[in-house]
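Trainee: Once you've had a glance at the structure underneath, I'll fire off some questions.
Laboratory data are not the source of any read-out in this text; all were calculated from the coordinates shown. Just so it is clear, the model here is predicted, and its values are computed rather than measured. Don't worry about glycine lacking a Cβ; one is built from the backbone with ideal geometry, like all the others, and counts go over all protein chains shown.
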Amino acid sequence: MSEPRRSPEHVAHARRRVLLQDVAARAVVTVGGLGTIAAVSGVFLFLVVVVWDLFLPARIGEREALANPRAAIDARIVGTDEYVGILWHIDEDGVVRALAIDDGAPLSAVALGAEGVASTAAVSEPGGTACAIAFADGQVVVGEVGFATSFREVGDVDQSLRSLGVGERRAVDGELVERTVRGGFRLQRLDFRERSSVRFFADGHPVIALHRAARGADVVVAAIGQDGRVGVRRLRRDEDPLTGDVVMEWSPVAAIAVGRSASGSPRFVRLTDRGTNLAVAWADGTLERWSLRRLDAAELAETADLVPGNGELTALEVLLGGVTLISGTAAGDVAGWFVVPDDASPDGFRLTLGHAFPAEEGAAVRVLASSGRERIFLVGDSGGHVRALHMTSEKVLARVVSQGGELRALALSPPTDRVIAAGSDAIETWSFDPRHPEVSLTSLFLPVAYERYPEPAFVWQSSSGTDEFEPKLSLVPLVFGTIKATLFAMWMAVPLALLAALFTSEFLGARQKARLKPLVELMASLPSVVLGFLAAVVIAPAAQDAFPALLACVWTVPVTVVLAAQVFQSAPPAFVAAHQGWRLPLALLAVAVGTCLGMVSGPAVEALLFAGDFRLWLDGGLGSGLGAWVVVLLPLCAVGVILGLQMRFRDRLDRLVARGQPGWLVHGCGTVVAAAVSIGVAVLVGFVVHGGLGTHGPVDLREGLPIGAFDLSPFGTFDQRNALVVGFVMGFALVPVIYTIAEDALSSVPDHLRAASLGAGASRWQTAVRVVVPAAASGLFSACMVGLGRAVGETMIVLMAAGNTPILSMNAFAGFRTLSANIATELPEAAPGSTHYRTLFLAALVLFAMTFAINTVAEAVRQRFRQRAVEL
Amino acid sequence: MVHAEVAQEEPCFEIEGFSLWYGENRALDRVTMRVPKGRITALIGPSGCGKSTLLRSMNRLNDMVDSVRVEGEMRLAGDPIYGKEVDVIRLRKRMGMVFQKPNPFPMSVFENVVYALRVDGVRDRAVLEEACERALRDAALWDEVRDRLGASALGLSGGQQQRLCIARALVGNPEILLMDEPCSALDPIATSKIEDLMASLAGEYTIVVVTHSMQQASRASDFTALMSYGHLLEFGPTPTMFQTPRLPETEDYIRGRVG
């Protein structure tokens, strides 16, 4: 170093430069670090914001009363068009009237019955337009309140309409004109379609209550006559495929021989399940359910009581989907009823109470109306209180009070964005946004009573072919699938990875280790999509016939390896010491021999335990369930038997050897006897357990082992893409992750501990097991936890190889669906902002929470491990 | 240069023309040495002279290192140490080893002491407890830890840990006790305790101790061997070595002019 370079000017300059670099570096690092934190929190925040909306309550707006076009409104049913521009109501005089919803301007009216004949009853399908109206002269009219819609460009409409803004509406000549977003005009006119009328009872007896249901293209109509008789007719609709001509024809009346109740004539009649079930109810709550599978041979399926005690049934309606009956009582109670399978019933079903909504105001329920899009319905009582309820989640979405006089009819607009109440004095509307009524913490994580499910259940079924389908969004099957995938993968990966790590760290030289470790770590670079592809396309088909052989290998390989070790170790000490290098090849040879033995004995195992065909046996068609118990019990029994025999006979064997018997023979025989005894004990215990321990019938694992809603049996029906295949392949993906960390943990155990152990005369294996593994235990644990974190988040392998069935079964031969695979499959097709979309984001949050918890535990343990490593 | 007094002693451990290479690097060069039975032999010499390597070669701990190559012979009570047909594990059971840094296992005091018996498969609790007490008494630690045998050994002080390691080495009744700078990580009080302990063990056990401290060698050993650059320079009774060494190199080293 020369003198001029250390001159004061130079030092000052250098100092300035260093300071500048310091400041710049600090700024860059700060910006980078804060930016990373901000980005991560931003993602998290985005997830939370998207999910948050799920849990916001429904919104209902201010009351808007329509100007009353008539002196008194006597509507029987009310509804709107799908654009919610026209409000229609069918009145007591048998006329359907349309008016503009914005200002109440009348548009048009169509008389449905004969001149001057009043209607006696009217019904419409949930939220929809298909109606049936009964008249005092015994006529019944069915049809659809439809709207003739046409579109016009700016040039085609009257000058006065051109000033309309986008979204603005005006009534013109009985039509409602709306300026559309595209700038054109939409014109709508009331159009009652597909009308067909019939004198319902042949003698012209008036109908006091009726209901209709679509059955394919046909319509089934059920009605109660004034004298209490009940009849059903079917309107056949035949369309000539060539000409398009429609022929409609009424079937004769099928009389239903309903019973007599103390309260007189039946009051309600409702058709459910596409017109295959008829519910006839009396005011005292008695309900007869008739099976209409054959219309001309109706059968009484059951009698139920909807109102226990002395209450009065004041309303009965059908929820969207045509399955659930909604009942309302004079006390204000509301309940949902649906049929569930029941073998004891004549038609195989039984009506059960699914949901109950306790009374709030105590006033009698007058009107019930279902939405046409969701399981939402409105309840109106004699006091004018209107509630919007969600059936499945049992949530009260909104409460309003009508001031339009006595409530006559209620409706939700087709998009479920407006509540309409027709009272005796006025028609009122409220804007409504139910948001995500079917989702709540309870519905996501607790069993939910779904229509037709015998018990509350955890179900994930987000979409279906029909509009009437109810999405079932329980995250439990997905969390269960994630746990199942993790368990199976860990079961494969943990022993393999930990033993491999132990082997490289404790038994390999530095040079071999330097070669092997990167090789294993290279496994991690295999894209999981490739592994998933291999699993689904190559391994799953190849493995489906090999399971008995694989199960046999689980038994033969350890036995041959132990035998080989004993024979080798029983050779003269000098020979053993001189041929240490032979141990690994010998072990590999023993594994190969064991595998061959397993493969050869596979068919025999299949014949003995699995009735000769493993897959058929799994499906429950063949053989007994004893084999399942043997497979489960064998490892446990083996451990028990070996420990027991060792305690009891080890000294005797040692004495035999000491007396000059050849050691390999004595110990070899011991191993074979232990293996045989284990099998014997397993079969015996299996036999006892399979027999049900004398208390109940045989316990067959193939039929499941239900614990609550979960089936914890590892056996059951066979799928080609099953948990074992996924476990095997995902295990392969986890091995490098666990291996690397475990190996680091083992290698970081200080060498002086190994030296102390070896110096005390311990073998390498004893050193590894007694000193190194306990010292590295927390590191090994943390390796497993990191592997666990990886398994929980793994997507492609499970997506491709797990079959994606969201079931709650631990069956090793069936698939599952994980949170991650579910997000990957469904998010692309979920409408942004929809309940489904947000629930998928919630699934992502749950996944995040799971991995976060696992990684936190892993990190906490690793911290402890570091502290302890310092002490060593 | 081996003094006649050494040759008169009955040998416990014999080293004949022993050389050792770490890769290309020759760490020991034709060392020949007979360790007297029942005596304390100190190995001294400058850093890197090979004294620790020699000690670790005596129970083949150098096997843990990959690139080690040896030549020559070692014998414990006449039995060869090196050779294809030697069972190293059986051999190590006959020796005890104490290391530079106290290295108790992360287990209880009791399990630390009886470790050698445990790995031999001894399961009889009474046998283990008796052996533990005897070894701890021999290591002059019994009174200090008798009430905390079940506590973690990592909670002991450094000096106690080192005596625990000595107890651990003694539990199997070794024919020879190898100590690799046992006091270099300890304070003077702990050091003096260990030195007293060594003195009390002499006679019953043959001890080879590697030490950096000239005072320790002069205080606590019967014989002293000086090593330099992998060679054994001079080996004689400790008083002679420190007062009237035969070689000028020994004189220089002892007087602190070298190393």
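Trainee: Counting only helical runs of four or more DSSP H residues, what would the 222 nm mean residue ellipticity of chain A come to if each run contributes -39,500 (n - 2.57) and the total is spread over all its residues?
Mentor: After summing the helix terms and dividing by the residues of chain A, the value is -13000 deg cm²/dmol.
Trainee: Could I ask something else about it? DSSP H helices in chain A with Cα extent of 15 Å or more along the helix axis and mean Kyte-Doolittle hydropathy at least 1.0?
Mentor: Helices passing the filter in chain A: A:8-52, A:476-507, A:547-569, A:583-609, A:626-658, A:663-690, A:723-747, A:777-793.
Trainee: So what's the back-of-envelope 222 nm ellipticity for chain B, counting only DSSP H runs of four-plus at -39500 (n - 2.57) apiece and dividing by all residues, rounded to 500?
Mentor: -9500 deg cm²/dmol
Trainee: A further question follows. When only C-alpha pairs under 8 Å and at least 6 residues apart count, what is the relative contact order of segment B:106-173, in percent?
Mentor: The normalised contact order for segment B:106-173 reaches 54 percent.
Trainee: Further question on the same structure: Beyond 61 Å, how much of the Cα-Cα pair distribution for the protein assembly as shown remains, as a whole percent?
Mentor: 40 percent
Trainee: Sort out for me the Cα centre separation of segment A:231-280 from segment B:107-163, rounded to whole Å.
Mentor: What the calculation gives is 92 Å, centre to centre.
Trainee: Okay, moving on. If you place +1 on the Cβ of every Lys and Arg, -1 on the Cβ of every Asp and Glu, and leave all else neutral, what size is the dipole of chain A about its Cα centre, to the nearest 20 Debye?
Mentor: Dipole about the Cα centre, nearest 20: 5060 debye.
Trainee: For segment B:114-191, what is the largest minus smallest coordinate of the Cα atoms on each principal axis, given in angstrom and ordered from greatest to least?
Mentor: Cα spread of segment B:114-191 along its principal axes, largest to smallest: 39, 30, 18 Å.
Trainee: What's the local net charge at A:THR818, with K and R +1, D and E -1, over the other residues with C-beta under 14 Å away? All intermediate terms of the calculation are to be shown ahead of the outcome.
Mentor: Working: positive: A:LYS484, A:ARG721, A:ARG790, A:ARG817; negative: A:GLU794, A:GLU826.
The answer is +2.
Trainee: Post the alpha-carbon centroid distance, segment A:622-656 to segment A:466-530, in whole angstrom.
Mentor: Between the Cα centres of segment A:622-656 and segment A:466-530 lies a distance of 30 Å.
Trainee: When chain B is treated as a GNM, springs tying every alpha-carbon pair under 10 Å, which of B:ILE166, B:ILE40, B:ILE89 comes out with the largest mean-square fluctuation?
Mentor: Looking only at B:ILE166, B:ILE40, B:ILE89, the biggest GNM fluctuation is shown by B:ILE89.
Trainee: For chain A, what is the relative contact order in percent, using Cα pairs closer than 8 Å and at least 6 residues apart in sequence?
Mentor: It comes to 10 percent, rounded to a whole number.
Trainee: Beyond a 32 Å Cα-Cα separation, which of these cross-linked pairs lie in this structure: A:LYS513/B:LYS193; A:LYS513/B:LYS37; B:LYS84/B:LYS193; B:LYS51/B:LYS193?
Mentor: From A:LYS513/B:LYS193; A:LYS513/B:LYS37; B:LYS84/B:LYS193; B:LYS51/B:LYS193, over 32 Å: A:LYS513/B:LYS193; A:LYS513/B:LYS37; B:LYS84/B:LYS193.
Trainee: A follow-up question, please. Which lysines have a Cα lying under 25 Å from the Cα of A:LYS472, excluding residues fewer than 8 positions away in the same chain?
Mentor: Cross-link targets: A:LYS395, A:LYS484.
Trainee: What's the Cα-based Rg to Rh of chain B, Rh via Kirkwood? Mind dumping the intermediate values first?
Mentor: On the way: Rg = 18.2 Å, Rh = 18.8 Å.
Rg divided by Rh gives 0.97.
Trainee: Right, here's the next one. For segment A:764-859, compute Rh as the Kirkwood radius over C-alpha pairs and then the Stokes-Einstein diffusion coefficient at 10 °C and 1.306 mPa s; write the answer in µm²/s, rounded to an integer.
Mentor: In µm²/s, the coefficient rounds to 101.
Trainee: Considering only the other residues whose Cβ falls under 12 Å of the Cβ of A:ARG754, what net charge follows from Lys and Arg at +1 and Asp and Glu at -1? Write out the running numbers ahead of the final one.
Mentor: Numbers: positive: A:ARG764, A:ARG770; negative: A:GLU506, A:ASP751, B:ASP63.
Once all neighbours under 12 Å are counted, the net charge is -1.
Trainee: Explain nothing, just the number: relative contact order of segment A:313-441, from Cα pairs under 8 Å at least 6 residues apart, as a whole percent.
Mentor: Result for segment A:313-441 is 17 percent.
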